[in-house]
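So the structure is just underneath, and the comments pick up after that.
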Amino acid sequence: MQSAESLTLYASPGVDVNLDTVAVEDVALVSLASGAAPTDLATGVWVVGAAEFGATPAAIAAALQALPARDNLALVLVAEVEQTFLSAEADARVFAYLNPKAPGHLQAKILRSALVTVRLRRQQEQMASGLQARDRQLKELNNIGVALSAERDVDSLLGLILSKARQITCADAGSLYLVEDAEGNERRLRFKLSQNDSFDLDYTEFTMPLNTRSLAGYAGVTGETLRLADVYDLPEDAVYSFSTSWDEQTGYRTKSMLVVPMMNNKGEIRGVLQLINRKPTSDLKLTTRATFEAEVIGFEGGDQELVESLASQAAVALENQLLLANISSIFEGVLMGWVKAVEDRDPATAGHSHRVTVLTLALAREVNRCTTGPYADVHFSQQQLEELRYAGLLHDIGKIYVRVDVFLKAKKLYAHHLKMIQERFDFVRRTLEAEYNRKKLQLMIDNPRSDYARRFEEIDRGYRTQLEQLDEYFETVLLANEPTVLEEGRFERLAEIAGRTYEDVYGNTQHLLQSDELRLLNIRRGNLDESERREIESHVEWSYRILSRIPWSPELQQIPFIAWAHHEKLDGTGYPNKLNADQIPLQAKIMTIADIYDALTAADRPYKKAQPIESALRILGFERNDNHIDAELLRLFSEKQVYKLAHVDRVEDLVNRLVYEDVQ
């Protein structure tokens, strides 16, 4: 016979029932008093005479119709004739009619059918309820899987794994361990995380050997799940043990436990989930020894299946995130290598990328704090700050395509140009000296008895005049070579010098200044000619090309455009695209101020002196007045003293912090 929960056969007065003939297991017989009925929670069969409901068919029908429809209770109406005269509503309340004069085996068959039907209904309800619960659990497990795969921060992911495992099992507490490789191929378990609903407890990470002596270690080594009703009552043959020290220190009572290895799809164990003290409901607090003993229940097989599934998903999600973190670390290393490669080309600008990034991030955070003004509704998310971080660090990456000579050019002439001019002047000076000596010697040969003093004086005077003029020419070249505004009249003087000629050792006529040298010396302002300036400015285009080739994630897609626009000006006179204010991204407007400030205040460079802070801010003010930079951003930069962060020690340490926290 079928085995199920117990049923009850309720017999009203005047009904004689023999359970032995009914032959259904787990059925209890309850005799009811006259006029009594089974309770609303009763499960089974009610055998009752028609007379209990009334003396006339109409009264019987009315009484039956008033009964609630119940799947857990079958009504067998005892009557000599089938009450076909009942209304349809009343007849629907009756499972079967029992004729008291029918043979006993027929009566038993009717009652058996009623009991089996109720039992089957109950089983069906339980199965349906179980399927619904399982469906809810599977949906929840699926939702958890989605949440796990969406979480990008490893520490947050670990917390989510443990909290969700506790949530679906109503576990009061839990711990999470990670498997780590140590020196000498030794593997260890790191106690990474602990949660407890009933106790507010501090915990410290630690590591322990990965072996079978501990509960977590056993699961981590063998890959087997431990489902323990009471950790203080372990099997005698268990190789593992439970340490009671934590309970003794805190007053907590660890009882039931589910220890599940976090195994990925390759069969590799990445960690261990340890769930503690299953409760009837999640909101129950375990605060006394009595509640521990009375309320803590054991984990069931269904809990184990769910947590094993969750642990498997968690292991894969954790492995993916650790892999992403590793890839991100490699990517970060490559990018930092690029940054260092750019800065190593010009030691004078070392640290520029980090300082610009810090100033950019700090100013963006000041924008986030605005409650009034044009940026009151602007808020940079953490992902956008991360985007700004990369854009700041890489904004000058295109400089690797700029020739080193141009990149390091300190004056108008390149070093090799000046060296050649120096050698040319030295050659002319030696030529003059040789001619000076030749003239004196020739005079002495031609006039052996002459008075040489007067004639030597003329030769000396001419020689000195030539040397003085040559020195004056060279001094003029040196002055013109400085990256300053060329004085009026200097162009003509340089042209005069370039027009002077001399004969080289081969007798060929050469000019003191070559045409390229004259062209560079005639640069009116600064130290770059137009082609060199275009080459320097091309670093922005190269930066865009390089950064555009990187497959950035969707939240970092703006990095190339931010770097591309950091030399644009609000009035459309910037480069490379001459964008106006509405076309320049806000992030680029922020970076522009940071870039100009650091260029002004950075340590002395061969072609310029570092500006004091006050002077740099004043120059930024001129840029604002000329509608080159954003006035509100400059106000925040100045009033909030963002600029101070460019002058702290180890500014590179602030770069990552500013993405996740404010730095005052």
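Across region 150-192, what is the total count of residues that are assigned to a strand (DSSP E or B) and farther than 18 Å from N326 by Cα? Give the steps one after another, and end with the answer.
The first filter runs over region 150-192 and keeps only residues assigned to a strand (DSSP E or B), leaving 171-181, 187-192.
This time we only want the ones that are farther than 18 Å from N326 by Cα, so: 171-177, 187-192.
Selection size over region 150-192: 13.
From the list R424, R429, exactly one residue is of a type in the set (D, E, K, R) and more than 26 Å from G526 (Cβ to Cβ). Which is it? Talk me through it step by step, then tell me what you get.
Numbers: R424 fails: more than 26 Å from G526 (Cβ to Cβ).
When all the criteria are applied, what remains is R429.
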Open item on the list: For region 510-526, give me the residue count where each residue is open to solvent by less than 20 Å² (accessible area, probe 1.4 Å) and either assigned to a helix (DSSP H, G or I) or among the polar types (S, T, N, Q) (or both).
Closed with: 3
Open item on the list: Cβ contacts < 6 Å: first residue over 17 Å from Y390 (Cα atoms), restricted to region 554-575; second residue assigned to a helix (DSSP H, G or I) and open to solvent by 20 Å² or more (accessible area, probe 1.4 Å), any location; separation 6+ or different chain. Result?
Closed with: L570/A581; Y575/E537
Task: Enumeration of residues in region 387-407 that are open to solvent by 60 Å² or more (accessible area, probe 1.4 Å) and either touching a Lys or Arg at 6+ places or on another chain (Cβ under 7 Å) or farther than 30 Å from G333 by Cα (or both) - done: V404
TODO: Search region 555-590 for residues being touching a Phe, Trp or Tyr at 6+ places or on another chain (Cβ under 6 Å) and either aliphatic (A, V, I, L, M) or part of a helix (DSSP H, G or I) (or both), and hand back the single one that is farthest from E541 (Cα to Cα).
DONE: I559
Task: Hits in region 355-371 - residues which are outside any loop (DSSP other than H, G, I, E, B) and either open to solvent by less than 10 Å² (accessible area, probe 1.4 Å) or not basic (K, R) (or both) - done: V356, T357, V358, L359, T360, L361, A362, L363, A364, E366, V367, N368
Task: Residue among E457, E472 that alone is modelled with pLDDT under 90 and either open to solvent by 70 Å² or more (accessible area, probe 1.4 Å) or part of a helix (DSSP H, G or I) (or both) - done: E457
Open item on the list: Condition first: under 25 Å from G217 (Cα atoms) and without any contact (Cβ under 8 Å) to a residue 60 or more places away in the chain. Now tell me which residues in region 265-292 satisfy that.
Closed with: N265, K266, G267, E268
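Regarding region 530-552, can at least one residue be identified that is polar (S, T, N, Q), in contact with a Pro (Cβ under 7 Å, 6 or more places away or on another chain) and in a helix (DSSP H, G or I)?
Filtering region 530-552 for residues polar (S, T, N, Q) gives 531, 538, 543, 548.
With in contact with a Pro (Cβ under 7 Å, 6 or more places away or on another chain) added as a condition, the list becomes 548.
This time we only want the ones that are in a helix (DSSP H, G or I), so: 548.
Within region 530-552, one or more residues are polar (S, T, N, Q), in contact with a Pro (Cβ under 7 Å, 6 or more places away or on another chain) and in a helix (DSSP H, G or I).
Would you point out the residue of region 612-655, among those that are among the aromatic types (F, W, Y) and in contact (Cβ under 8 Å) with a residue 24 or more places away in the chain, that is surrounded by the fewest Cβ atoms within 10 Å (Cβ to Cβ)? Talk me through it step by step, then tell me what you get.
First, the residues of region 612-655 that are among the aromatic types (F, W, Y): 622, 637, 643.
If we keep only those that are in contact (Cβ under 8 Å) with a residue 24 or more places away in the chain as well, we get 637, 643.
Working: F637: 23, Y643: 21.
My answer is Y643.
On the basis of being free of Cβ contacts under 8 Å to residues at least 24 places away in the same chain and in contact with a strand residue (DSSP E or B) (Cβ under 9 Å, 6 or more places away or on another chain), does E295 make the cut?
Spelling it out, E295 is indeed free of Cβ contacts under 8 Å to residues at least 24 places away in the same chain and in contact with a strand residue (DSSP E or B) (Cβ under 9 Å, 6 or more places away or on another chain).
Tell me the residue from Q107, Q132 that is modelled with pLDDT of 75 or more and exposed (fewer than 15 other Cβ atoms within 10 Å of the Cβ), please.
Q132
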Open item on the list: Looking only at region 28-47, count every residue that is open to solvent by 50 Å² or more (accessible area, probe 1.4 Å) and within 60 Å of the chain's Cα centre (by Cα) and tell me the total.
Closed with: 3
Task: Any chance I590 is at pLDDT 90 or above and of a type in the set (A, V, I, L, M, F, W, C) - done: yes
- [ ] Taking T56 as the residue in question, decide whether it is closer than 29 Å to S6 by Cβ and hydroxyl-bearing (S, T, Y).
- [x] no
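Of the residues A62, A88, A69, A55, which is under 60 Å from the mean Cα position of the chain (by Cα) and either open to solvent by 20 Å² or more (accessible area, probe 1.4 Å) or not aliphatic (A, V, I, L, M) (or both)? Steps first, answer last, please.
Numbers: A62 fails: under 60 Å from the mean Cα position of the chain (by Cα); A88 fails: under 60 Å from the mean Cα position of the chain (by Cα); A55 fails: under 60 Å from the mean Cα position of the chain (by Cα).
Exactly one of A62, A88, A69, A55 is under 60 Å from the mean Cα position of the chain (by Cα) and either open to solvent by 20 Å² or more (accessible area, probe 1.4 Å) or not aliphatic (A, V, I, L, M) (or both), namely A69.
Can you say whether L479 is open to solvent by less than 40 Å² (accessible area, probe 1.4 Å) and outside any loop (DSSP other than H, G, I, E, B), as far as the supplied structure shows? Can you show your working first?
Values: open to solvent by less than 40 Å² (accessible area, probe 1.4 Å): no; outside any loop (DSSP other than H, G, I, E, B): yes.
It is false that L479 is open to solvent by less than 40 Å² (accessible area, probe 1.4 Å) and outside any loop (DSSP other than H, G, I, E, B).
Against the condition farther than 21 Å from A102 by Cβ, open to solvent by 20 Å² or more (accessible area, probe 1.4 Å), touching a residue at least 60 places away in the same chain (Cβ under 8 Å) and not small (G, A, S), how does T21 come out, does it pass?
So T21 fails the test.
Okay, residues lined up against (1) part of a loop (DSSP other than H, G, I, E, B); (2) free of Cβ contacts under 8 Å to residues at least 60 places away in the same chain; (3) out of contact with any Lys or Arg (no Cβ under 6 Å at 6 or more places or on another chain):
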residue: L322; (1), (2), (3): no, no, yes
residue: N326; (1), (2), (3): no, yes, yes
residue: E332; (1), (2), (3): no, yes, yes
residue: W338; (1), (2), (3): no, no, yes
residue: E343; (1), (2), (3): no, yes, yes
residue: S353; (1), (2), (3): no, yes, yes
residue: G373; (1), (2), (3): yes, no, yes
residue: H379; (1), (2), (3): yes, yes, yes
residue: L385; (1), (2), (3): no, no, yes
- [ ] Tell me which residues, restricted to region 2-42, are in contact with a Leu (Cβ under 6 Å, 6 or more places away or on another chain) and of a type in the set (S, T, N, Q).
- [x] S12
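The values are calculated or read from the model by the stated rules, or taken from the named source; none is laboratory data. If you're wondering where the values come from, they're calculated on a predicted model, not measured in any experiment. Because the Cβ atoms are built from the backbone with ideal geometry, glycine has one as well, and the counts that use them run over all protein chains shown. The accessibility values were calculated without ligands, DNA or RNA, using every heavy atom of the protein model including side chains. Shrake-Rupley method; radii C 1.70, N 1.55, O 1.52, S 1.80 Å.
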